Amino acid sequence: MHVTVAIPCYNGARYLEQTIKSVLTQQRPAEEILVIDDGSTDESAAIAARHPVRLVSHSTNRGLSAVRNTAISESVGDILAFIDVDAVAHPIWLETLHTSYTDGGVSGAGGPGIESNIQSKADRWRQLHATQGHGDRPLHHAPYLFGLNMSFRVDALRKVGGFDANLRTNAEDMDIGYRLNDAGCRLVYRPDAIVYHQRQDDLHSLRRTMYNWYFWAFIVKRKNHRNPWTLAIGTVWRLIWSDTWSDLLFRHSPALAKLDVTMTMTKLQAILAAAQSPLFIR
C-alpha cells in the first residue's frame, strides 16, 4: 500500500519547514508528500519549493475541507495521511499508522497531537484541557479521528464523497469520521502514532479557538444525528468536577481555574449560538 502524506497549509511559513523535515525523515517513508497551499500570502510556497515535495496551490483561500478534497483528488497513494502544518511527526508516526492497515477492515487510522510548545498560561491550559486525542488506550472503533493526525484509505474517502466543503475551518474531521462510521467503515485510534503540536496561544486566540471548536462540533453532531447537547453536559461537568478541582487542588493554580471558568462560558456561548443557527438543519 502506497502512502501519500498531505500537509494543508495556509500562511504556515513559521512552521512548514520543520513539518516537512519531520515527514521526510520518517522511518517508513511516504511514497509522496503533498503540500496543499490554500492561497497563502506568506512564504509558504517558496519554503515548500526548497524540498522534495509536490506543491499544489489554490489561487484563493478556500478552507480546510477544500484543501483536504484537493489532497484526495491529487493523491497517488492508497492511503492518505494528514498532518497539520504546525505539527511535527514522531519518526515512527507513519510506520505506526501504516501497520494499522494490515487489517483489511480498517478504513482510517489516527493518533494524538501532543501539545509541546508551552509558552503561556493559555498554552498550558490547552495542553491540560483541550487535548486532541482519545486518550492513552487504543480504540478499535473510534467515532472520529483528529485532523492534525489522521489517515484514511482513499477509496473510503471517495465512497462518502470526501469532506464537506461547508466546514471551512473546524469539525471537518469529526464530520468525515461520523459519515465513514455510518457507511460501515471502521476507524482505529493509535495512541503511539504521535505528532507534536507546535501551536501557541494567548487568551484571545484560545477563546476564539474554543468558540469555533464547540460551535462547529454542535453543528456537525446535529447534522449527523448525534446528540449535540452532550457537549453542554460535558462542559458543565468538567467545570464543576474535573478541570477546576484538578487545577485548584492538585496543580494549586488559581490562574488555571480562572481560565476554566472563562473557557466554560465561551464554550456555552458557542453551543447556544449553534443551537439557534439554521446551518445544516435537516
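The values are calculated or read from the model by the stated rules, or taken from the named source; none is laboratory data. Everything numeric here is computed off the predicted structure, so don't read it as measured data. Cβ coordinates were reconstructed from backbone atoms using ideal geometry, including for glycine residues, and neighbour counts include every protein chain displayed.
Miscellaneous remarks
Results for (1) of a type in the set (Gly, Ala, Ser); (2) more than 27 Å from residue 67 (Cα to Cα), shown as yes or no for each residue.
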site	(1), (2)
166	no, no
172	no, no
177	yes, no
192	no, no
222	no, no
265	no, yes
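- Candidate set from region 32-66 (those that are small (Gly, Ala, Ser) and part of a loop (DSSP other than H, G, I, E, B)); member that is nearest to residue 15 (Cα to Cα): 40
- In summary, residue 5 fulfils each of the numbered conditions (1) crowded, with 19+ Cβ neighbours inside 10 Å; (2) at positive phi with the single exception of condition (2).
- A count restricted to region 222-232 and to residues that are within 10 Å of residue 271 (Cβ to Cβ) and not in a loop (DSSP other than H, G, I, E, B) stands at 2.
- Residue tally, condition part of a helix (DSSP H, G or I) and under 18 Å from the mean Cα position of the chain (by Cα), over region 155-184: 11
- Long-range neighbours under 9 Å by Cβ, at least six apart or interchain, first residue touching a residue at least 24 places away in the same chain (Cβ under 8 Å) and closer than 24 Å to residue 221 by Cα within region 231-246, second surrounded by 12 or more Cβ atoms within 10 Å (Cβ to Cβ) and charged (D, E, K, R): 231/221; 231/267; 232/267; 235/267; 238/260; 239/260; 243/260
- Residue in region 179-187 that is within 22 Å of residue 109 (Cα to Cα), of a type in the set (D, E, K, R) and in contact (Cβ under 8 Å) with a residue 60 or more places away in the chain present: yes
- Among the conditions (1) modelled with pLDDT of 95 or more; (2) buried (at least 19 other Cβ atoms within 10 Å of the Cβ), the only one that residue 229 does not satisfy is (2).
- Checking every residue in region 16-29 against the condition of being touching a Cys at 6+ places or on another chain (Cβ under 8 Å), acidic (Asp, Glu) and without any contact (Cβ under 8 Å) to a residue 40 or more places away in the chain gives zero matches.
- Residue satisfying condition, being in contact with a Leu (Cβ under 6 Å, 6 or more places away or on another chain), farther than 15 Å from residue 149 by Cα and in contact (Cβ under 8 Å) with a residue 12 or more places away in the chain, within set 13, 122, 87: 122
- Among the numbered conditions (1) closer than 21 Å to residue 224 by Cα; (2) surrounded by 15 or more Cβ atoms within 10 Å (Cβ to Cβ); (3) in contact with a strand residue (DSSP E or B) (Cβ under 9 Å, 6 or more places away or on another chain), the only one that residue 98 does not meet is (1).
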